[in-house]
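The values are calculated or read from the model by the stated rules, or taken from the named source; none is laboratory data. Just so it is clear, the structure is predicted and the values come from calculations on it, not from any experiment. Cβ sites come from the backbone with ideal geometry, for glycine too, and all protein chains shown count toward neighbours. Quick note on the areas: whole protein, heavy atoms, side chains included, nothing else; ligands and nucleic acids left out. Shrake-Rupley method; radii C 1.70, N 1.55, O 1.52, S 1.80 Å.
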Amino acid sequence: MNDFKFQVINPLLHSELRLKIMVALDSLKSADFMYLCQITDSTRGNVSTQITTLKEAGYIDVSKSGLGRFSRTTCSITNKGREALRAYEEGLRRLFSQQVPTQDEQHIINQ
């Protein structure tokens with residue numbers, strides 16, 4: 001039986017594009033949808049999909065203003081999202097600092 005377990009990190013934030021969006025929104029009060037596409041170098045479809053996922057998780061708020069072709073979508077991070085981002089960052093730090101036992105050490109521990 002192996003007692004060692006790696007640090008668990010939030011799989012929702014482990015997506016590169018979702019992480020970039022969250023980091024950007026953490027730095028900014030809010031960001032326009034097209035600006036997020038630009039700074040993440042991603043397509044509108046990809047950014048839209050990830051924004052929907054983050055919104056459904058309660059990590060960001062999305063607001064729309066204007067009508068038709070002139071509508072504007074703005075995103076901002078929620079307190080829950082900010083807390084999740086901090087926990088993710090700390091989880092990565094702990095993951096990298098974990099001391100993985102060798103197979104021999106693990107065998108001795110489990111005897």
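The smallest convex shape that holds all Cα atoms of the chain, its convex hull, gives 123 Å³ per residue.
Mean separation of Cα pairs under 8 Å and 6+ residues apart, divided by the residue count of segment 24-111: what relative contact order is that in percent?
Details: 70 pairs, mean separation 23.7, N = 88.
Computed value for segment 24-111: 27 percent relative contact order.
Full extension of the chain between Glu89 and Asp41 yields a length gain of 15.0 nm, computed as 0.36 nm times the residue separation minus the alpha carbon distance. A simple packing score, the average count of other Cβ atoms within 10 Å per residue, orders the peptides 56-62, 17-23 as 17-23, 56-62, with the highest score first. Straight-line reach from Lys80: taking Cα to Cα under 19 Å and skipping same-chain neighbours fewer than 8 places apart, the lysines in range are Lys20, Lys29, Lys55. What residues from segment 58-80 fall in the zone where the backbone N is under 20 Å from a label point 7 Å along the Cα-to-C-beta line of Val8? Within reach of a label on Val8: 58-59, 80. Over the residues of the chain, the helix contribution to mean residue ellipticity at 222 nm works out to -16500 deg cm²/dmol, using -39500 (n - 2.57) for each DSSP H run of at least 4.
Ligands, DNA and RNA aside, Arg82 has an accessible area near 80 Å² when probed at 1.4 Å.
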